[in-house]
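Read through the structure below, which is laid out as structure tokens, and then see the notes.
Read the figures in this text as sums done on the coordinates, not as results from a lab. Remember, it's a predicted structure, so these values are computed and weren't measured experimentally. For neighbour counting, all protein chains shown are included, and Cβ atoms are generated from backbone atoms with ideal geometry for every residue, glycine included.
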Amino acid sequence: MKILLRSAFGQTVLLIGVLLFINQVVSFISMSIYIIQPNTQLVNQLLAKQVRVVFIDIADEAISPAMGEAFQRETGIGVYREAAAMKLGLQEAVYYAFRSNEMSSLLGGRAEVRISQGDEYLFWIRPPQAPEYWVKIPINGLREENFSPLTFVLMMLGILSVMGGWLFVRQLNRPLAALEHAAHDVGRGDFPKPLTEIGTTEIVAVTRAFNHMSKGIKQLEDDRNLLMAGISHDLRTPLTRIRLATEMIAEDEFLKAGIEGDIQDMNTIIDQFIDYIRHDSKDKVELSDINLLINEVVESESILEREIIINAEALPKVPLRYVAMKRVLANLIQNALRYSEGKTIVTSSFDKATQEVCFCVSDEGPGIAEVDVERLFQPFTQGDEARGTGGSGLGLAIIKRIVDTHGGRVELSNRVTGGLTAKVCLPISHG
């Protein structure tokens, strides 16, 4: 609820609801003051006149039964003693203090007004002229049910106004939602088609600016890929010639092996540069089983005749770019094998609290300094002397970039028993 009220949609709907509520309250108060209250006063005045007519020219408290019967027959107004009035419905009647006070003022003495509902809408009035009597006056045109249409109309106006405001704000925010999804796509390296420029002038301006920005970023990405492809091609050609030349050097096997090792390192560095730039953005996202991926990678790495232990539990499928995530796991296992002579442990688990599928690669090497953990994820950064080797320093940067495109996270931590653990967590649903 707190998140909803922080959004423009929630705040706008809340504003419309509050303004509508204030409008309804003011309308009800205005109707009470200018319509209901004057009508109530008019009814009380008519009732007071009817009571005065009942007691006209009566000098004492005794009332002629014949006059009472005739008056009741002609007007429907009856005069009863309290015991008889109780039998006729006075007992179920509700006392109204406001009407009683106003009737007392109109009749010039203390009066009491009660109202009962049944087949008829009856006013029971105890007049100051004869406190031991009750005057029953039926009013057929006045019933509380008559206010139901007014209540219904006010409720329908409120509901329709809120629904109209909700539809209006939803239509207004739809381009913003599309803009949000497109921004996430661009952040992951996917470039959607230009967004349709619809909505208010401000939203159209923002959408146009975003389309322009997305087009510029895509052009930079294309230029970078073209540049790297050109560099890779231009470097591999002389490297190939150098490799052929070394094959002709038969006299010095040590020199030959050194040159071939340098060529292989240069090819590896070039491949890492290409991998960092590409990060498999064209690989389709599909629901896959992490355990299946682990088994494939471990099987391919087992040719090194090193001990790799798998501890896997049942996992739900997760959306991922299979080839890219396979490269992540392969790089982590290769790092573990390179920096440790002991066994490598690969585990998988599912965290129900965070709804994440995680896999860990642990080794028995020297580990790394805590201050270097975050720094190692930066491009062209290598670890300390304990784990540092030759290379471009792009291995962990490539891993982090791929994991980020999946909406996941990668963490490095030293083991208590010695060695390093690399943990990758992926959400089971990712937009």
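Here Val25 and Tyr95 are evaluated by their C-beta separation; at R0 = 45 Å the FRET efficiency comes out at 0.95. Rounded to 0.05, the FRET efficiency of the Ile35 and Glu202 pair, given R0 = 45 Å and the Cβ-Cβ distance, is 0.55. Between the amide H of Val79 and those of Lys136, distances stay under 5 Å, these residues lying 5 or more places away or on another chain, with hydrogens modeled in the peptide plane. Label-to-label distance, Arg110 versus Ala84, with points set 7 angstrom from Cα along the beta-carbon direction: 2.5 nm. Sorting the segments 102-112, 125-135 by their mean number of nearby beta carbons within 10 angstrom, highest to lowest, gives 125-135, 102-112.
Couplings 3J(HN,Hα) for segment 396-402, derived from phi with the Karplus relation 6.51 cos²θ - 1.76 cosθ + 1.60 (θ = phi - 60°), are 5, 5, 5, 4, 5, 5, 5 Hz, where x marks Gly and Pro. Rounded to the nearest 0.05, the FRET efficiency derived from the C-beta distance between Met163 and Lys317 at R0 = 35 Å is 0.35. By the count of neighbouring beta-carbon atoms within 10 Å, fewest first, Val371, Val113 end up ordered Val371, Val113.
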